[in-house]
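The values are calculated or read from the model by the stated rules, or taken from the named source; none is laboratory data. Because the structure is predicted, anything quoted here is derived from the model rather than measured. Using ideal geometry, Cβ is built from the backbone for each residue, glycine included, and neighbour counts are taken over all protein chains shown. Heads up: the accessible areas ignore ligands, DNA and RNA and are worked out on the full protein's heavy atoms, side chains in. Shrake-Rupley method; radii C 1.70, N 1.55, O 1.52, S 1.80 Å.
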Amino acid sequence: MITKNIRLHLAAGLLCCGVAIALTACTDTWDDHYDAPTEGVQQGSLWQAISQNPDLSNFASVIKACGYDVPLGSSQVFTVFAPTNANFSQAEAQALIAQYQAEKGSVADEDNTTIKEFLQNHIALYNHSVSSLSNDSVVMMNGKYMPLTHTSFGGKTLNGSTKNSLYENGVLFTIDQKVDYFPNVFEYVRKDSDLDSLASFLYNPRFYYREFQPEQSVPGGYENGRTVYLDSVFEQHNELFYDLGRINNEDSTYWMVAPTNAVWKQLIEEYDNYFNYRDNVLTTQKECDSIRYTNARLAIVEGTIFSRTVNPDAQLRDSAMSTNAQLEYAYRRSRWGADSLCYYQYFKPFEAGGIFNGTTNVACSNGQVMKASQWNIDKTQTFFRTRIIEAEGRTAVREKSKWFDLTKRDSVYSVNVTSQRVSQDNYFYYPLVSNHQYLECTPIAESEQIAVTFNIPEVLSNIPYDVYLVMAPAAAGDTTAIESERIPTRVVCTLYQKTQSGAEKMYTQKNGRQAAGLELGSFETTKDSVDIFRLSPEEGIVFDVCSYGLATEQTESQVRLKVQTDVSASEKRRGLFTRTMRIDCIILKPHVD
């Protein structure tokens, strides 16, 4: 979840994209990429050549207005594919300049539309030349891969008279038309007005921002005790890409199912209620509002992106694995609680009701956006998940019962809890006993009933849950257990939860009095069996507040389940029941009618 694991830098600041190796024609030499050649070079820089060519005056005016005359007149090496005035008019140039001026100061240069989608779409770093054998692609300054042959660039005709024109800092070509910008999946979302709501989330500055890279920048000394940089390098980051996949990456191919604005509005109205966090469960109310905003929207977006690397055509006919799916069964058990759970994986995606069915598909430079005006992603396949709390888990136990020891004149624990493993050759091995482990709770003080209270994390608010308790037999841990060790037990269960204000929620007890804790009943185990007890009423149990995505220390007291023995001294003495509890897990399943 976003609160735990998202910190990814987005390499979109392409003036520093030297790490991307251009794919060049076979006549180039390695050194030509980085140093201007010394033979056959025409006098002057690329900027001088462009500015002095009357057929390139419109292109030159955009370069000058955007300040790119400086780098193109420097010693840095470029290849420029310049559209001539024949099909790039003065009016088009002025419109681009006006757009640049309108965005200047409000967006970073690398995000300025005119720079990114026009200038950097026609300029590449390093030297690139063509021959009769050329059939390659070139990485442009904006990261786009443009096809380059001996006759064309980006599908536009290279003018023969200017091919491979070498100048002091690079190569100049002229082309018959400007090359249209081909957005990637991430970029397209912001361009389509039908996807404004999705774009406002993906481009929210709390996730999408520039970050200074001091190790890549050029220091120029100190001023007032601080380093002054001659050349400051920034990289664009989007924290959401850690969860969703790098849909901005030109080297990968992604499909994205994108909800239209109407669908987004409908989903937010429903999902927002599931993420009602307790007042000040975080440091401030502002943080609570922030995580509610984020998780309600991630609930829509997670599971909508598909890497074609792991989803080839043959596989997609049967199922689609989103970037949030767990490919390995062992990881599914670790993350979801059981390897049979396959969240974020969708079967028969192209058939009626499938997630790709009925979408409008738009080709992008690194895949396609699949606009969905009808939402076929069932929430029970994504965030609306079954929760399995392993009793032996590291943070599962919240409290253990105590009794007053007269000899120590103090309250001490009355129960000892230990994790027991189920051997692989045991009949009760996984999946009968979840995670092939359980928690054994034995009384220290034989005269006392014992109780263990468990944390119930990761619940959503305002939905009913069916709640189950799973208990294991003695034979699961020891096949040689004697008769007296295998007798059943009886337990009573009580659920506690916090209200919006953080106070304990009060319930009407059997005696009619108001007290904390929802009494769920008494349950008897069966000898030599794994017992699954339904604790909740038929309609399920609803939690007032959400703990989804919060750290354990923030949620450990929010929802708790107390399991306590209910065995009389007489029953224990006669060997009818034991006060030893063997608790496998607690299961919360969203109640769906």
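Remarks
- Listed by chain and number, the lysines whose C-alpha is less than 16 Å from the C-alpha of LYS562, apart from same-chain residues fewer than 8 away, are LYS400, LYS402, LYS498, LYS505.
- Loop-located trypsin sites (Lys or Arg not before Pro) across the range 239-320 with a Cβ neighbour count of 16 or fewer within 10 Å are ARG308, ARG317, with loop assigned by DSSP.
- In this simple spin-label model, placing a label point 7 Å from the Cα along the Cα-to-Cβ direction at both SER57 and VAL492 gives a separation of 9.5 nm.
- Full-stretch length increase - ALA102, ASP251 - with 0.36 nm per residue and alpha-carbon distance subtracted: 50.5 nm
- The range 440-593 - percent relative contact order, Cα under 8 Å, separation 6 or more: 45 percent
- Ranked by the mean number of other Cβ atoms within 10 Å of their residues, highest first, the peptides 526-538, 424-436, 159-171, 448-460 come out as 448-460, 159-171, 424-436, 526-538.
- For GLN43 and ASP272, a Förster radius of 56 Å and the Cβ-Cβ distance give a FRET efficiency of 0.30, rounded to the nearest 0.05.
- Potential extension, ASN511-LYS265 segment - 0.36 nm per residue separation minus Cα distance: 84.0 nm
- Treating r as the C-beta distance of THR149 and ASN87 and R0 as 25 Å, the FRET efficiency rounds to 0.80.
- Evaluated on the range 252-357, the Kirkwood hydrodynamic radius is 15.7 Å, with distances taken between all distinct Cα atoms.
- Residue by residue, the range 588-593 carries 3J(HN,Hα) couplings of 10, 10, x, 7, 10, 6 Hz when phi is fed to the Karplus relation 6.51 cos²θ - 1.76 cosθ + 1.60 (θ = phi - 60°); x denotes Gly or Pro.
- Carbon + sulfur, % of accessible area of the range 473-593 - ligands and nucleic acids excluded, 1.4 Å: 48 percent
- For ARG226 and ARG421, the difference between the fully extended length at 0.36 nm per residue and the C-alpha to C-alpha distance is 64.4 nm.
- At a probe radius of 1.4 angstrom, the accessible area of the chain per residue rounds to 46 square angstrom.
- Integer Hz, Karplus 6.51/-1.76/1.60 couplings in order for the range 193-207, x for Gly and Pro: 5, 5, 10, 4, 5, 4, 4, 4, 7, 5, 9, 4, x, 5, 10
- Taking amide hydrogens as placed 1.01 Å from N in the peptide plane, the amide H of ASP566 sits under 5 Å from those of ARG490, VAL491, VAL492, each at least 5 positions away in sequence or on another chain.
- Residues GLN94 and ALA503, FRET efficiency given R0 of 56 Å [Cβ-Cβ distance, rounded to 0.05]: 0.30
- Distance between the range 403-459 and the range 535-593 - C-alpha centres, whole angstrom: 13 Å
- Span per principal axis, largest first, for the Cα atoms of the chain (Å): 106, 60, 44
- Mean-position separation - Cα centroids, the range 258-335 and the range 63-98, in angstrom: 42 Å
- Of all accessible heavy-atom area on the range 292-376, the percent that carbon and sulfur account for (1.4 Å): 47 percent
- Gyration tensor verdict on the range 41-84 (Cα atoms; rounded if a/c is under 1.5, prolate if a/b is larger than b/c, oblate otherwise): oblate
- By the rule of a C-alpha distance below 18 Å, with chain neighbours fewer than 8 residues away ignored, the lysines paired with LYS104 are LYS64, LYS116.
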